[in-house]
Amino acid sequence: MPANDNSIDLVQITDTHLYADPEGRLKGVRTDRSLSAVIDQVLDLAPSFEFVLSTGDLVHDDSDAAYDRFRGHLLRLGRPVFCLPGNHDEVEKLQRHLNDETFHCNRSLRVGPWLLVFLDSSLPGSAGGHLAESELDALDRSIRGHDARHVLICVHHHPRPLGSAWLDTMVIDNGDELLRRAVRHGRVRGILCGHIHQEYDAELQGMRLLGSPSTCIQFLPGSDDFALDPAPPGWRWLRLQPDGSIDTGVVRLPAPTDALDPEAEYG
């Protein structure tokens with residue numbers, strides 16, 4: 001769709017799972033190599049976007065070197081990057097490495113008629129998600145403190161079950177409260193998450209619920225047990241329109257960068 005002069009174009013890059021070692025593999029996939037290929041594709045296909053959303057699991061081994069590698073890759077895009085922690089990230093370490101003139105760990109971002117609110121659903125020692133009362137209160141304050149007509153909430157974990165038994169054990173355990181507050185405010189047009197390593201697009205009471213593929217491995221949708229999808233790495237583009245609608249789509253690499261190894265340890 002052609003860009004509207006008043007629309008806001010952005011890119012979501014999520015679940016990069018980088019290691020200190022550029023040859024580090026997740027289920028057979030060299031995550032450094034796959035992220036590099038995704039960034040090449042973004043530069044080729046989405047040259048006019050305004051900023052990047054990176055919605056968690058930036059690294060896999062919680063190393064300083066992996067965060068440095070993430071910085072190096074994302075700097076190639078030449079745009080501001082707004083970062084959220086996932087269950088593989090350590091919040092203080094992420095903020096130490098990714099909070100400067102290019103990388104941001106903001107609570108919110110106002111762009112035109114839109115307000116983006118960033119929530120931390122990570123729970124130390126757990127793969128699952130939870131929103132502390134302080135996060136939910138911050139959501140309320142952010143929305144009430146701005147006169148933006150439209151709101152997009154960004155978070156790592158998915159806010160409601162997807163119909164995948166093993167993955168839904170890691171849903172935001174108080175996601176119903178997030179959804180209740182979002183509906184109550186009346187201006188929330190969408191909730192964007194990472195974590196699920198698959199494309200997801202649903203609607204709930206007028207809100208878009210969006211999830212995106214990882215830049216490395218993909219989880220098989222609808223599977224009751226842990227299973228990999230052979231689909232290639234991907235990313236999501238979004239166009240936030242002045243009327244509150246969201247145009248969006250997922251783009252994938254033409255082919256995987258490495259062969260999957262289902263028997264390899266996930267870590």
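A few notes on this one:
- Where Rh is the Kirkwood radius over Cα pairs, Rg/Rh for region 94-171: 1.02
- Helix-only CD estimate at 222 nm, as mean residue ellipticity for the chain, using -39500 (n - 2.57) per DSSP H run (n ≥ 4): -6500 deg cm²/dmol
- For region 71-139, the gyration tensor built on C-alpha atoms gives an oblate shape. Its axis ratio a/c (a ≥ b ≥ c) is at least 1.5, and a/b is not larger than b/c.
- Once the Cα-Cα distance is subtracted from the 0.36 nm per residue extended length, the Arg187 to Arg107 segment shows a gain of 27.1 nm.
- Bridges between two residues of the chain, per DSSP, are antiparallel at a rate of about 50%.
- Most positive-pole-ward Cα, Leu210, Leu115, Pro161, against dipole of the chain from beta carbon charges: Leu115
- Each residue, Asp224 and Asp140, gets one label point 7 Å from its Cα in the Cβ direction; the gap between the two is 4.0 nm.
- Rounded to whole Hz, the Karplus (6.51, -1.76, 1.60) HN-Hα couplings of region 192-206, x for glycine and proline: 10, 10, x, 6, 8, 6, 6, 7, 8, 8, 9, 10, 9, 6, x
- Here the dipole of region 1-148 is about 220 debye; that uses its Cα centre as origin and unit charges on the Cβ of Lys and Arg (positive) and Asp and Glu (negative).
- Under a model in which nothing but the beta-carbon of Lys, Arg (+1) and Asp, Glu (-1) is charged, region 1-81 shows a dipole of about 160 debye around its Cα centre.
- Applying 1/(1 + (r/R0)^6) with R0 = 22 Å to the Cβ-Cβ distance of Leu75 and Ala46 gives a FRET efficiency near 0.85.
- Between helix 64-75 and the chain: long-axis angle, C-alpha atoms, 0 to 90°, nearest 10: 60 degrees
- Region 1-127 shape via C-alpha gyration tensor axes, a/c threshold 1.5: oblate
- Anisotropy class of region 8-252 from Cα gyration tensor, a/c 1.5 cut: rounded
- Using the Cβ of Asp57 as centre and a radius below 11 Å, the other residues enclosed give a net charge of -3, where K and R count +1 and D and E count -1.
- Cut-off under 5 Å, modelled amide H: who pairs with Val29 long-range: Asp261
- Across region 14-29, computed HN-Hα scalar couplings (Karplus, 6.51 cos²θ - 1.76 cosθ + 1.60, θ = phi - 60°) run 9, 6, 7, 6, 7, 10, 4, 7, x, 8, x, 10, 10, 6, x, 9 Hz from first to last residue, x flagging Gly and Pro.
- The dipole here belongs to the chain: it is taken about the Cα centre, uses +1 on the Cβ of Lys and Arg and -1 on the Cβ of Asp and Glu, and is about 980 debye.
- Restriction of the trypsin sites (Lys or Arg not before Pro) in region 124-220 to DSSP coil positions whose beta-carbon has at most 13 other beta-carbons within 10 angstrom yields no sites.
- Around the amide H of Cys216, modelled in the peptide plane, lie the amide H atoms of Gly234, all under 5 Å away and 5 or more residues distant in sequence or on another chain.
- Cut-off 17 Å (backbone N to label point 7 Å along Cα→Cβ of Arg149), residues of region 223-245: 239-245
- Across the options Tyr200, Pro124, His185, the greatest Cα extent toward the positive end of the charge dipole of region 101-207 (unit charges at beta carbon of Lys, Arg, Asp, Glu) belongs to His185.
- Under Karplus coefficients 6.51, -1.76 and 1.60, residue-wise ³J(HN,Hα) of region 230-244 in Hz, glycine/proline x: x, 4, x, x, x, 7, 10, 9, 9, 10, 8, 8, x, 8, x
- Positive contributions from Lys and Arg (+1) and negative ones from Asp and Glu (-1), summed over other residues with Cβ under 13 Å from the Cβ of Thr102, come out at +1.
- Neighbourhood charge, 14 Å Cβ-Cβ cut-off, centred on Arg30 and excluding it, Lys, Arg +1 and Asp, Glu -1: -2
Readers should treat all values here as calculations from the given coordinates under stated rules, not as data from a laboratory. Just so we're clear, the structure is a prediction, and the values are computed from it rather than from any experiment. Because the Cβ atoms are built from the backbone with ideal geometry, glycine has one as well, and the counts that use them run over all protein chains shown.
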